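Inspection log for the structure reproduced underneath, given as structure tokens.
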Amino acid sequence: MARIDQTPFEVDITDLTHDGRGVARRPDPKSPGEAGKAVFVAGALPGERVVAVQTGRHRSFDEARTVDVLRAAPERVAPRCPHFGTCSGCALQHYDESKQINAKQRVLMENLERIGHVTPGRVLPPLTDAAWGYRRKGRFSVRRVEKKDKTLVGFREVDPRFVADIGECHTVIPEIGSRIAALSALVDAMDGRRDIPQIEFIAGDATPEFDGVALTFRHLMPLSERDLAALVAFGQHHRMAIFLQPGGVDSVHPLWPADPQLAFSLPQWNLSFAFRPLDFIQVNAGLNGKMIRSALDLLDAQPGDRVLDLFCGLGNFTLPLAREVREVVGVEGEAGLVRRARENAERNGIANAQFHAADLGKDLSDQPWMREGFDRLLLDPPRSGADFVLTQLPLKQFKRIVYVSCHPASLARDAGYLVNEKGWRLAAAGVMDMFPHTAHVESIAVFEPA
């Protein structure tokens, strides 16, 4: 492979990519005065002129990083974190907080138009919440680096081969983000420091035993008694529950306390959700409550309605819906989540919610819940979207569909199917800032019969 030319060059930034990099056209040396190949520039914002150096080459575009800003955009701010640009946890800290959500809204609308060939009847006001200290679930990579004589705990660098050398993180909840250096010191002092590749964190409500935070240490070899004692002491000192994961997901078990109770609340609906340390929960607790309220309002379900909730997980939408409708049926592919969703319904005294385990990417014609009538549909699929399950549903039975999405491209594709092939109308769509300072776009759309 030919070496990449590291000669700095100047470009004008005209747009922002879906992953938060500036878009430019590098002058074509063979055709002076004409725009050349597209280049995506990390650390650059629309309206800026920057000096960049190339970092990657592809057939249809190049990659580069900013080394100097010659003309700054009014929206540029000083990043709060000194590791910004090296750590991959954030992509937009240099972009004014109030402007980030507008950029994400443009991404959604461009995807709807370009991929789905649809336009919403109205654009919903963006949903936002706290921009810092919001992330309650995630995974830190761990690596012993002999050259630095230390163990690094943190997110991956922009170059994913490396772990970012960070002491704290401002987007993670303070109970965890302020203790990354302590975690690094803990692991570095362990006999098994080279055998721990990752630490998962998750947080719920505080209990008398601990403050709601749980850490799960993945370890490739059995840990010594000294290491186990060190982990227990760390958990007790910081009031964090400690779990161990010697193998797959099913191997996760508590070290301290003996039986930690993990749960988070949705006080708006008088609900409490028990969960396991590796379960999926929405990372932004404040935004999650606003998102649920928005989804239920858009669904406009009536007290006598029967609602279908697909990709329901622990029942994040299902149980709030059960407080407001006659009956709700939640369907989820992971059997463990379905089991805990049923337990959460019982935990909250809810008798009008059913839960079923089913692979929503396969034929569902033999599923009994498919033969039951529904009034409205809510779905919150993974990044891959819901294209297959939508083709199997008797869509004419629904009075309204609300689609919560973590990937605007798959939402746009599925919106195109509903509108252009099945005759629905995209009544409204908008974005929600679930992950401030990242390029991640969470969105919501409501469809009505045309």
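The values are calculated or read from the model by the stated rules, or taken from the named source; none is laboratory data. Computed from a prediction, not measured in an experiment: that's the story for all the values here. For neighbour counting, all protein chains shown are included, and Cβ atoms are generated from backbone atoms with ideal geometry for every residue, glycine included.
Taking the conditions exactly as written (in contact with a strand residue (DSSP E or B) (Cβ under 8 Å, 6 or more places away or on another chain), assigned to a loop (DSSP other than H, G, I, E, B) and at pLDDT below 95), does D5 satisfy them or not? Criteria met by D5.
Restricting the first member to segment 127-150 and to residues that are farther than 27 Å from P277 by Cβ, and the second to residues that are surrounded by fewer than 19 Cβ atoms within 10 Å (Cβ to Cβ) and among the basic types (K, R), the beta-carbon pairs closer than 8 Å and six or more apart or on different chains are L127/K290.
Total residues in segment 141-185 satisfying the condition of being at negative phi and outside any strand (DSSP E or B): the figure is 30.
Among residues belonging to segment 203-225 that are among the hydrophobic types (A, V, I, L, M, F, W, C) and crowded, with 16+ Cβ neighbours inside 10 Å, point out the one that is nearest to S251 (Cα to Cα).
F217
On the stretch given as segment 73-87, residues that are more than 27 Å from V172 (Cβ to Cβ) and loosely packed, with under 15 Cβ neighbours inside 10 Å total 1. Filtering segment 299-314 to residues that are farther than 23 Å from S384 by Cα, assigned to a loop (DSSP other than H, G, I, E, B), of a type outside the set (G, A, S) and touching a residue at least 60 places away in the same chain (Cβ under 8 Å) leaves D300, Q302, D305. If you go through segment 172-189 and keep only what is in contact with a Ser or Thr (Cβ under 8 Å, 6 or more places away or on another chain) and not small (G, A, S), you end up with V187, D188.
Restricting segment 178-202 to residues that are closer than 21 Å to R239 by Cβ and surrounded by fewer than 17 Cβ atoms within 10 Å (Cβ to Cβ) leaves a set whose member that is nearest to the chain's Cα centre (by Cα) is S178. Cβ separations smaller than 9 Å between residues 6+ apart or across chains give the following pairs from segment 373-385 residues that are exposed (fewer than 15 other Cβ atoms within 10 Å of the Cβ) to residues that are modelled with pLDDT of 95 or more and not polar (S, T, N, Q): G373/R306; R383/C406; R383/H407; R383/A409; S384/H407.
Scanning segment 142-162 for residues that are closer than 22 Å to L215 by Cβ, of a type in the set (V, I, T) and either outside the structural domain of S178 (by TED's automatic domain parsing) or surrounded by fewer than 21 Cβ atoms within 10 Å (Cβ to Cβ) (or both) gives a single hit, V145. Looking across segment 40-60, the residues that are surrounded by fewer than 16 Cβ atoms within 10 Å (Cβ to Cβ) and part of a loop (DSSP other than H, G, I, E, B) come down to H58, R59, S60.
Going by the conditions given, is Q93 within 15 Å of D433 (Cα to Cα), in contact with a Cys (Cβ under 7 Å, 6 or more places away or on another chain) and outside any strand (DSSP E or B)? Yes: the conditions hold for Q93.
Please determine, by comparing only the residues of segment 343-364 that are acidic (D, E) and not in a helix (DSSP H, G or I), which one is farthest from G385 (Cα to Cα).
Across segment 343-364, the extreme among qualifying residues is D363.
Yes/no per residue for (1) under 22 Å from P174 (Cα atoms); (2) outside any strand (DSSP E or B); (3) in the same structural domain as L152 (by TED's automatic domain parsing):
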{"site": "D62", "(1), (2), (3)": "no, no, no"}
{"site": "D68", "(1), (2), (3)": "no, no, no"}
{"site": "G89", "(1), (2), (3)": "yes, yes, no"}
{"site": "I115", "(1), (2), (3)": "no, yes, no"}
{"site": "T119", "(1), (2), (3)": "no, yes, no"}
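In the set (1) in contact with a His (Cβ under 6 Å, 6 or more places away or on another chain); (2) closer than 13 Å to P436 by Cα, I101 fails one condition alone, (1).
Of a type in the set (D, E, K, R), in contact with a Pro (Cβ under 8 Å, 6 or more places away or on another chain) and part of a loop (DSSP other than H, G, I, E, B) - does that describe any residue in segment 317-331? Looking for residues that are of a type in the set (D, E, K, R), in contact with a Pro (Cβ under 8 Å, 6 or more places away or on another chain) and part of a loop (DSSP other than H, G, I, E, B), one finds at least one in segment 317-331, hence yes.
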